[in-house]
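The values are calculated or read from the model by the stated rules, or taken from the named source; none is laboratory data. Just so it is clear, the model here is predicted, and its values are computed rather than measured. We place every Cβ from the backbone using ideal geometry, glycine too, and count neighbours over all the protein chains shown. Just the protein is used for accessible areas: all its heavy atoms, side chains included, with ligands, DNA and RNA removed. Shrake-Rupley method; radii C 1.70, N 1.55, O 1.52, S 1.80 Å.
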Amino acid sequence: VLHLLGPKTETDLEKKPKLSKARPEEKDRRTAKDMMENGEAADQALSLMEQLRGEALKFHKPGENYKTPGYVTTPHTMDLLKQHLEITGGQVRTRFPPEPNGILHIGHAKAINFNFGYAKANNGICFLRFDDTNPEKEEAKFFTAIYDMVAWLGYSPYKVTYASDYFDQLYAWAVELIHRGQAYVCHQRGEELKGHNSLPSPWRDRPVEESLLLFEAMRKGKFAEGEATLRMKLVMEDGKMDPVAYRVKYTPHHRTGDTWCIYPTYDYTHCLCDSIEHITHSLCTKEFQARRSSYFWLCNALDVYCPVQWEYGRLNLHYAVVSKRKILQLVAAGAVRDWDDPRLFTLTALRRRGFPPEAINNFCARVGVTVAQTTMEPHLLEACVRDVLNDTAPRAMAVLEPLQVIITNFPATKPLEIQVPNFPADETKGFHQVSFGPMVFIERTDFKEEPEPGYKRLAWGQPVGLRHTGYIIELQNVVKGPSGCVESLEVTCRRADTGEKPKAFIHWVSQPLTCEIRLYERLFQHKNPEDPAEVPGGFLSDLNPASLQVVESALVDCSVALAKPFDKFQFERLGYFSVDPDSSQGQLVFNRTVTLKEDPGKV
């Protein structure tokens with residue numbers, strides 16, 4: 001071998017760095033961080049914008065609805081499309097149509113980004129339309145919260161509309177549908193209509209005039225709830241026959257009061273409101289695919305402009321429950337405080353926890369638009385959060401478990417004012433001032449009397465540096481209470497530029513503010529808390545008892561004294577934190593948004 005290859009050179013003798021091989025389970029865990037560092041997130045956002053321009057999604061151009069596979073045409077289609085183009089000028093029009101009966105969650109963030117993003121990428125407009133057709137479940141607070149969340153994510157609707165804006169027109173079209181023999185009044189009860197194999201209605205072929213009279217009687221309140229419905233004559237893609245168009249409800253409506261006692265259903269309202277607003281691309285999640293046939297059928301049955309419905313996959317997260325009904329169960333059980341509890345994945349909860357809207361939008365961009373349902377790991381969202389906060393959250397110092405330290409040879413007669421950079425990596429972003437006196441507080445975990453091998457912080461014979469001060473402290477005495485617990489330390493200090501460099505620099509506070517800090521972990525212990533195979537006892541049995549830890553007397557430096565709710569900071573060595581709305585003038589409350597690095601072993 002020596003004869004063939006020759007003697008070793010200096011290059012051969014150089015020590016090669018070891019290439020660590022990521023375990024398969026770590027590969028996905030590292031993806032988000034690596035992509036951020038390599039700038040791939042920006043590339044993904046760009047590729048999403050290219051998707052949203054329509055090339056990759058194969059969307060039709062405005063006015064060319066008929067080119068879409070499965071689009072149903074009639075002899076009137078081309079004339080209606082011509083009128084549509086005259087009204088819109090060929091402009092892309094989308095809408096985000098939430099029901100105002102709950103708070104938006106992370107899945108809605110994808111829908112918001114898709115609807116508003118597609119319109120923006122194609123120089124179009126997007127409506128925010130509240131589907132307020134079920135007055136029993138709707139509350140004013142949900143309307144406000146939904147609008148606020150859309151604005152928080154950075155989007156401005158072209159116009160805010162309500163399905164109730166069109167109640168008169170929808171009623172007139174229902175009458176027309178009966179005239180055309182395409183709808184009838186039925187008296188089957190709700191339980192008889194459930195499922196896909198319900199018996200055909202014995203009233204399906206009742207005379208048109210009879211249905212007209214009965215429908216008018218429904219409007220005048222002559223039927224009790226459940227005694228009569230208006231049904232459309234069609235079979236849907238999933239086999240369900242004759243979906244309900246109108247039902248009787250005597251609950252006052254938040255906008256129309258007692259004007260109506262009959263209300264249209266989603267199957268009837270959705271496509272017709274899209275038609276009225278001349279929506280070009282009706283973007284829905286995959287579960288609405290079964291309604292596509294009724295969507296096209298109803299517009300064509302009335303000879304009105306028919307938009308195109310496109311479906312895409314929902315966005316879900318592991319370790320999360322987003323169902324409105326189940327969140328209410330969590331609130332009722334006392335597992336969470338309300339819809340905005342920072343352990344939930346509603347948008348109001350994520351905002352309260354301190355997630356920046358840019359991070360949520362970046363996450364949606366990374367997920368992209370797919371037909372298949374997407375279930376993501378929370379740590380991928382958290383990586384997007386860290387990426388944004390690293391550049392936007394100024395640094396401060398806080399101590400969760402304070403241990404008093406007395407510097408016996410403090411070099412001044414009064415506290416020193418220390419200039420601390422807001423962003424150590426970029427000092428052009430400014431500084432803040434903190435006091436450094438003879439009494440400081442450090443984390444209790446930053447001191448050990450009997451350290452284990454590899455421990456680098458304060459111990460006997462092992463000094464540490466105090467960050468930003470230019471001083472190193474060395475242990476001289478440990479003061480213990482009657483129980484033997486360490487109460488304080490006495491140390492001496494010296495300049496950092498004299499003597500040996502310490503193994504570690506730790507954070508500290510002096511003359512601090514007392515605050516409350518809330519530390520959050522995952523609310524559930526299993527990936528799929530709603531899966532009976534994974535959690536046989538149901539999601540309420542899967543609650544993580546360590547999902548919230550409250551530190552009532554944490555200490556934080558005075559640079560945050562004027563912080564307002566939702567202001568964000570990086571507490572050095574601890575993580576990113578956001579000011580909670582529970583804060584008062586004399587007591588700040590902070591929520592931990594995310595740790596500085598992901599903990600692979602956390603629950």
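Numbers below:
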quantity: Close pairs from segment 560-588: first at positive phi, partner at pLDDT 95 or above and in a strand (DSSP E or B), Cβ under 9 Å, at least 6 apart; calculated: F566/S578; F566/V579; R573/E443; R573/I506; G575/L519; G575/R592; G575/T593; G575/V594
quantity: Residue check, R522 open to solvent by 30 Å² or more (accessible area, probe 1.4 Å), within 44 Å of the chain's Cα centre (by Cα) and either without any contact (Cβ under 8 Å) to a residue 12 or more places away in the chain or outside the structural domain of I406 (by the TED database) (or both); calculated: yes
quantity: Number of the exception - Y184 against (1) touching a helix residue (DSSP H, G or I) at 6+ places or on another chain (Cβ under 8 Å); (2) assigned to a helix (DSSP H, G or I); (3) surrounded by 19 or more Cβ atoms within 10 Å (Cβ to Cβ); calculated: (2)
quantity: Residues satisfying the stated conditions in segment 49-69, i.e. at pLDDT 55 or above and open to solvent by less than 60 Å² (accessible area, probe 1.4 Å); calculated: Q51, L52, L57, F59, H60, P62, G63, E64, N65, T68
quantity: Spans of strands (runs of 3 or more DSSP E) in segment 431-474 with at least 3 residues surrounded by 17 or more Cβ atoms within 10 Å (Cβ to Cβ) and in contact with a helix residue (DSSP H, G or I) (Cβ under 7 Å, 6 or more places away or on another chain); calculated: none
quantity: Any chance A561 is closer than 23 Å to T469 by Cβ, in contact with a strand residue (DSSP E or B) (Cβ under 8 Å, 6 or more places away or on another chain) and surrounded by 16 or more Cβ atoms within 10 Å (Cβ to Cβ); calculated: no
quantity: Residues of segment 303-336 satisfying the condition of being closer than 14 Å to D274 by Cα and of a type in the set (A, V, I, L, M, F, W, C); calculated: V304, C306, V308, W310
quantity: Failed item in (1) touching a Gly at 6+ places or on another chain (Cβ under 8 Å); (2) farther than 27 Å from R93 by Cα; (3) open to solvent by less than 20 Å² (accessible area, probe 1.4 Å), with P135 passing the rest; calculated: (1)
quantity: Output for segment 263-273, where each listed residue is open to solvent by less than 10 Å² (accessible area, probe 1.4 Å) and free of Cβ contacts under 8 Å to residues at least 60 places away in the same chain; calculated: C271
quantity: Some residue of segment 274-287 being open to solvent by less than 10 Å² (accessible area, probe 1.4 Å), within 29 Å of E225 (Cα to Cα), charged (D, E, K, R) and modelled with pLDDT of 95 or more; calculated: yes
quantity: Filter result for G154 (surrounded by fewer than 18 Cβ atoms within 10 Å (Cβ to Cβ), at pLDDT 95 or above, under 42 Å from the mean Cα position of the chain (by Cα) and at positive phi); calculated: yes
quantity: Residue in segment 322-343 that is surrounded by 23 or more Cβ atoms within 10 Å (Cβ to Cβ) and among the aromatic types (F, W, Y) present; calculated: yes
quantity: Any pair with Cβ under 8 angstrom, 6 or more apart, that starts in segment 408-430 at a residue that is without any contact (Cβ under 8 Å) to a residue 60 or more places away in the chain and ends at one that is loosely packed, with under 13 Cβ neighbours inside 10 Å and of a type in the set (S, T, N, Q); calculated: E417/Q433; I418/Q433; Q419/Q433
quantity: Candidate set from segment 527-586 (those that are under 21 Å from the mean Cα position of the chain (by Cα) and either outside the structural domain of R337 (by the TED database) or among the aliphatic types (A, V, I, L, M) (or both)); member that is farthest from H379 (Cα to Cα); calculated: V579
quantity: Any pair with Cβ under 8 angstrom, 6 or more apart, that starts in segment 488-514 at a residue that is within 11 Å of V556 (Cα to Cα) and ends at one that is open to solvent by 70 Å² or more (accessible area, probe 1.4 Å) and assigned to a strand (DSSP E or B); calculated: S510/M439; T514/S553
quantity: Test for K480: is it in contact with an Asp or Glu (Cβ under 7 Å, 6 or more places away or on another chain), open to solvent by 70 Å² or more (accessible area, probe 1.4 Å) and either farther than 27 Å from Q570 by Cβ or not aromatic (F, W, Y) (or both); calculated: yes
quantity: Segment 477-527, residues that are of a type in the set (S, T, Y) and touching a Pro at 6+ places or on another chain (Cβ under 8 Å); calculated: S510, Y520
quantity: Hits in segment 362-371 (condition: in contact with a helix residue (DSSP H, G or I) (Cβ under 6 Å, 6 or more places away or on another chain) and open to solvent by less than 30 Å² (accessible area, probe 1.4 Å)); calculated: F363, C364, A365, G368, V369
quantity: Which listed residue, of R247, R219, is in contact with a Cys (Cβ under 8 Å, 6 or more places away or on another chain) and either at pLDDT below 95 or open to solvent by 20 Å² or more (accessible area, probe 1.4 Å) (or both); calculated: R219
quantity: Scope segment 256-290; condition more than 21 Å from G124 (Cα to Cα), among the aliphatic types (A, V, I, L, M) and in a helix (DSSP H, G or I); matching residues; calculated: A290
quantity: Cross-chain or 6+ apart pairs with Cβ under 9 Å, segment 183-212 first and assigned by the TED database to the domain that holds E225, then among the small types (G, A, S) and modelled with pLDDT under 80; calculated: Q188/S198; E192/S198; H196/G239; N197/G239
